[in-house]
Amino acid sequence: MAAIVVQEVGVLDSERELLDVRNPADGRVVGRVPNEGPKVVADAVTALRAAQTAWEALGPKGRGVWLGKLRDWLLDNESRLTDVLQSETVKPRAEAALEVPFICDVINYYARNAPAFLADEKVRASGPMSLPKRLRTVYRPYPVVGVITPWNFPLAMPGLDIVPALLAGAAVALKPSEVTPLSAVELATGWAEIGAPPVLRVLTGAGATGAAVVDTVDYIQFTGSTRTGRQVARAAADRLVPCGLELGGKDPAIVLADADLEHAAAGVAWGGLFNAGQVCFSVERVYVEAPVYDQFVARLTAVVESLRQGADGRGYRVDVGALANQAQRDIVERHVTEAVQAGARVLTGGKPTGAGTFFEPTVLVDVDHSMSCVREETFGPTIPVIKVADEDEAVRLANDTEYGLSASVWTRDRARGERIARRLDVGAVNINDALFNLFALTLPHGGWKSSGIGARLGGARGIRKYTRMQAITAPRGPELQEQILWYPYRPGRGRVVSRMLRAMVARDLRRRFRR
Ligand code: ADP
């Protein structure tokens, strides 16, 4: 698989040390990256800041040309990039192979639409006081955006945020997870190989490197745990820089008695086990209406039992891969063990398997809301199922959590599904599907409650979030240059102006303002 990669960072730091990147299946070291210290980070951000002005001046079309070249480079190198990604994650090929096309889709959508999304907006006067002026809202980028990402999607996760940020005209400092930094390093290599302006830097390292990024950039887009997200938000607040946070989840699925049970069982299995359950909005709890509970559980168990687990490189013979590291496997094992000790039953799976960090795809029943497997984010291949009396109980339990990322509702009655969606305290609801909303780039993707602040994507909002709004006023025309309402410091003007104003405002208050 991938050769050892050592990122070239250009600026050397006396505290520079290397971090090993390991294949989770066999513990082999598959790469090494620098653990960058604060000086390297600060110097990199200074260089990004210097390069950003020319990048902004290129305009959205000009920047789109470079993103298009990156897309072509990604497609030219797709197979090798997928190898690298698998080497640091042990994802099944079918899952690893999604990441390059996904980023390309993001590039195409935002590059095509950036000129319209970032166009100046003519705004109308709000009343007679602003009438004499030409008014514009202009979208100007934050100079340097820091993107900090976790290990679950080493290429797609950075891509999701750096693409709109770059297209907005910002320079980007990307800090990938220390567990899976090799794919991000490849992104930086691609950016350099196409000869693009130096507005993207990958700064590898552990948490302290991320903290150094937070300390220097102008906007932070963070994806990771709720615990670290809170630290990032506090550090950002200290510096008065904005941040977008996409954090943990404990996403419920609600299976109603009128659902197509075969479809629901397959969908819930996929939603819970895709990427071995290491997706922030994967299905982590299932509530099933009593009349179909036994039938649904039987079908779900059959689907999960039929899945093949392991690592087979470029083959397509496995469905479920490994967990990112030992610490993650320990969390999953703890949740299952604690549930069983408290009376839950394992219908399939339930334990670590093989070498490395594999954990069997697991279905748990007889669970309740006192158990860690229902309350805490598991981020693993476990699906706890709970029987509920009706829709109201399902909604109440689904909302009984500190998280609020997404949910799914399974029913043949779409109107009922949509009605339930509006009762759920989450950022997205998929009816008769799981995970889908992320693929619709025109929809916002963000969590409520402890699952985050703000959202990514969502059409124009997804690119404008990396910009600051600037208000520009100018005289409507040369003949109006003299019509300076707010300029009383001329002989006789003060009285005239205040009389005029009083008259105008009074008139406006009596009848609706018309232009
Ligand atoms: P996960 O364990 O799911 O990756 P973390 O929240 O621990 O979640 O890490 C997500 C990302 O945040 C990683 O790139 C990590 O290195 C980085 N990180 C960890 N601590 C901090 C911090 N204090 N400030 C900024 N980034 C951090």
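The values are calculated or read from the model by the stated rules, or taken from the named source; none is laboratory data. All values reported here derive from a predicted model rather than from experimental measurement. Virtual Cβ from ideal backbone geometry, glycine too; neighbours counted across all protein chains shown. Each accessible area value is taken on the protein alone, full model and side chains, heavy atoms only, with ligands, DNA and RNA left out. Shrake-Rupley method; radii C 1.70, N 1.55, O 1.52, S 1.80 Å.
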Candidate set: the range 216-259, residues that are under 23 Å from R396 (Cα atoms), more than 18 Å from the chain's Cα centre (by Cα) and crowded, with 22+ Cβ neighbours inside 10 Å; chosen: the one nearest to the ligand (Cβ to nearest atom):
P252
Qualifying positions in the range 365-416 - within 16 Å of the ligand (Cβ to nearest atom) and either among the aliphatic types (A, V, I, L, M) or not in a loop (DSSP other than H, G, I, E, B) (or both):
Y403, L405
Screening A208, A265 for residues that are surrounded by fewer than 18 Cβ atoms within 10 Å (Cβ to Cβ) and not in a loop (DSSP other than H, G, I, E, B) leaves only A208
Which residue is modelled with the lowest pLDDT, if the candidates are limited to the range 26-76 and must be under 26 Å from A96 (Cβ atoms) and in contact with a strand residue (DSSP E or B) (Cβ under 7 Å, 6 or more places away or on another chain)?
R28
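Considering only the range 164-173, how many residues are under 22 Å from A233 (Cα atoms), away from the ligand (no atom under 14 Å from the Cβ), hydrophobic (A, V, I, L, M, F, W, C) and not in a loop (DSSP other than H, G, I, E, B)?
Narrowing the range 164-173 to residues under 22 Å from A233 (Cα atoms): 164-165, 170-173.
Those left that are additionally away from the ligand (no atom under 14 Å from the Cβ): 164-165, 170-172.
From what is left, the residues that are hydrophobic (A, V, I, L, M, F, W, C) are 165, 170-172.
Filter once more, so that each one left must be not in a loop (DSSP other than H, G, I, E, B): 165, 171-172.
Matching residues across the range 164-173 total 3.
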Inside the range 191-202, can you point out the residues that are farther than 24 Å from P115 by Cα, hydrophobic (A, V, I, L, M, F, W, C) and either near the ligand (Cβ under 10 Å from one of its atoms) or part of a helix (DSSP H, G or I) (or both)?
A192
Residue pairs, Cβ under 6 Å, 6 or more apart or interchain, first in the range 388-406 and farther than 17 Å from E376 by Cβ, second open to solvent by 60 Å² or more (accessible area, probe 1.4 Å) and not in a strand (DSSP E or B). List them.
V395/R423
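Quick test for you: out of A265, A269, pick the one residue that is in contact (Cβ under 8 Å) with a residue 60 or more places away in the chain and touching a helix residue (DSSP H, G or I) at 6+ places or on another chain (Cβ under 9 Å). Lay out the reasoning, then the answer.
On the way: A265 fails: in contact (Cβ under 8 Å) with a residue 60 or more places away in the chain.
Answer to the selection: A269.
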Give the range 438-452 a look and list any residue that's surrounded by fewer than 19 Cβ atoms within 10 Å (Cβ to Cβ), part of a loop (DSSP other than H, G, I, E, B) and among the hydrophobic types (A, V, I, L, M, F, W, C), or say none.
A440, L443
Among the residues of the range 71-80, how many are within 14 Å of S183 (Cα to Cα) and within 21 Å of the chain's Cα centre (by Cα)?
1
Can you list residue pairs whose Cβ atoms sit under 7 Å apart, with the first residue in the range 447-474 being closer than 14 Å to N437 by Cβ and in contact (Cβ under 8 Å) with a residue 24 or more places away in the chain and the second being polar (S, T, N, Q) and open to solvent by 70 Å² or more (accessible area, probe 1.4 Å)? Count only pairs 6 or more apart in sequence or on different chains.
G459/T442
Which residue pairs have Cβ atoms under 7 Å apart, sit 6 or more places apart or on different chains, and have a first residue in the range 114-125 that is on the phi < 0 side of the Ramachandran plot and a second that is assigned to a helix (DSSP H, G or I) and of a type in the set (A, V, I, L, M)?
A114/L167; A114/I463; F117/I463; L118/A168; L118/I463
Of the residues that make up the range 110-122, is at least one surrounded by fewer than 18 Cβ atoms within 10 Å (Cβ to Cβ) and at pLDDT below 95?
no
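Go through the range 323-350 and report how many residues are farther than 27 Å from L397 by Cα and either open to solvent by 50 Å² or more (accessible area, probe 1.4 Å) or assigned to a strand (DSSP E or B) (or both).
Filtering the range 323-350 down to residues farther than 27 Å from L397 by Cα leaves 323-327.
Checking the rest, the ones that are also either open to solvent by 50 Å² or more (accessible area, probe 1.4 Å) or assigned to a strand (DSSP E or B) (or both) come to 326-327.
Residues in the range 323-350 being farther than 27 Å from L397 by Cα and either open to solvent by 50 Å² or more (accessible area, probe 1.4 Å) or assigned to a strand (DSSP E or B) (or both): 2 in total.
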Picked from the range 460-481 (must be of a type outside the set (A, V, I, L, M, F, W, C) and assigned to a strand (DSSP E or B)), the residue surrounded by the most Cβ atoms within 10 Å (Cβ to Cβ) is T467
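So which of R317, R285 ends up being open to solvent by 50 Å² or more (accessible area, probe 1.4 Å) and not in a helix (DSSP H, G or I)? Steps first, answer last, please.
Details: R285 fails: open to solvent by 50 Å² or more (accessible area, probe 1.4 Å).
Matching residue, one of R317, R285: R317.
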Any chance I484 is among the aliphatic types (A, V, I, L, M), at pLDDT 85 or above, out of contact with any helix residue (DSSP H, G or I) (no Cβ under 7 Å at 6 or more places or on another chain) and open to solvent by less than 90 Å² (accessible area, probe 1.4 Å):
no
Out of curiosity, is A188 more than 14 Å from the ligand (Cβ to nearest atom) and either assigned to a loop (DSSP other than H, G, I, E, B) or within 19 Å of the chain's Cα centre (by Cα) (or both)?
no
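Out of the residues in the range 191-200 that are open to solvent by 10 Å² or more (accessible area, probe 1.4 Å) and over 19 Å from the mean Cα position of the chain (by Cα), which is farthest from G68 (Cα to Cα)? Show your work before the answer.
Taking the range 191-200 and keeping what is open to solvent by 10 Å² or more (accessible area, probe 1.4 Å), we get 192-198, 200.
From what is left, the residues that are over 19 Å from the mean Cα position of the chain (by Cα) are 192-198.
Details: A192: 14, E193: 13, I194: 10, G195: 12, A196: 11, P197: 14, P198: 16 Å.
Among those residues, the one meeting the criterion is P198.
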Pick from L405, L457, L435, L424: which is under 18 Å from A114 (Cβ atoms), at pLDDT 95 or above and surrounded by 18 or more Cβ atoms within 10 Å (Cβ to Cβ)?
L457
Looking at V340, V363, V409, which one is farther than 16 Å from S282 by Cα and either out of contact with any strand residue (DSSP E or B) (no Cβ under 7 Å at 6 or more places or on another chain) or not charged (D, E, K, R) (or both)?
V340
Take the range 128-148 and flag every residue that is of a type outside the set (A, V, I, L, M) and open to solvent by less than 10 Å² (accessible area, probe 1.4 Å).
P141, G146
Has the range 174-183 got any residue that is more than 18 Å from the chain's Cα centre (by Cα), modelled with pLDDT of 95 or more and more than 8 Å from the ligand (Cβ to nearest atom)?
yes
Residues that are within 16 Å of the ligand (Cβ to nearest atom) and among the small types (G, A, S): which strands (runs of 3 or more DSSP E) entirely in the range 115-163 hold 1 or more of them?
144-148
